[in-house]
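Structure first, then comments.
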Amino acid sequence: MNQILETQKNNDEKKKFKTRKKWFKFQLFFSTSIILISIIISGLYFYNLKVKENLSNRLIDNYSLSKLYSNDPTTNEKVNNETNSLDEIFCFIDIPKIDLYYPVFSNFSEELLKISPCKISGDFPNINGNLCIAGHNYDNSLFFSNLNKLSIDDEIYIIDNNNVKYIYYVFDIYEVKANDLSPIYNYDKTQKTLTLITCNNFNSNRIIIKAKQKSL
């Protein structure tokens, strides 16, 4: 009788062991699949990001603003080929303190934002108003990721289509909610103001950099 019970017990233990083994294999397969999928998705994300960064760098390296606005048909065709006819370049933004230098597109769209910062409102630097430029924050060195390192009185340069450099001094740094448009519409109408906007990825707010143009 004891032998029968012992045999039954051993059989039950073997069944439990096989069940645990199958469950472990399933967990291992599932976890490995999730890791592989995550690696693939991350790889594609960073690959696409690198492609966009390279395009932005080529715009910087190969063309000056004077060429971008040239009347030479050959030059214009070359620019259109380089940007895939996405849009015109409005200006360049240069912030030496954070080693930032990018072309700024004249219009705003999600696709353009993936390539370089975009003007979302405002007029040319030498006109009173509020020139607003938005850029992605990738939490690295790309685009507007390092705007949070700026301080009051830091210099920001805007280079227009005539290669004229306008100097701005930071006078305010703050955050607003994602749906708060006041940084765009609230400004001194007698001043030449520059507003830079990017995301704070930790709290979903918007980081706002306000700067005033130095008199020429």
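Observations on the model:
- Net charge contributed by nearby residues that have their C-beta within less than 12 Å of Ile95 (K/R +1, D/E -1): -2
- Contour minus Cα-Cα distance for Leu181 and Asn200 (0.36 nm per residue): 5.3 nm
- The value given for the range 109-216 is a Kirkwood hydrodynamic radius of 14.2 Å, derived from the mean inverse Cα-Cα separation.
- For Leu100, residues with placed amide H under 5 Å, excluding near neighbours: Ile95
- Neighbours of Thr193 by Cβ distance under 9 Å: Lys/Arg scored +1, Asp/Glu scored -1, total +2.
- Theoretical gain in end-to-end length, Gln27 to Ser151 [0.36 nm per residue, Cα-Cα removed]: 39.6 nm
- Net charge contributed by nearby residues that have their C-beta within less than 9 Å of Val170 (K/R +1, D/E -1): -2
- In the range 87-213, Cα pairs under 8 Å separated by at least six residues give a relative contact order of 24 percent.
- Theoretical gain in end-to-end length, Lys97 to Lys114 [0.36 nm per residue, Cα-Cα removed]: 3.8 nm
The numbers here are math on the coordinates, done by the rules we state, and not lab data. Predicted model only: the values in this text are computed from it and were never measured. Quick reminder, even Gly has a Cβ in these numbers, built from the backbone with ideal geometry, and neighbours come from all protein chains shown.
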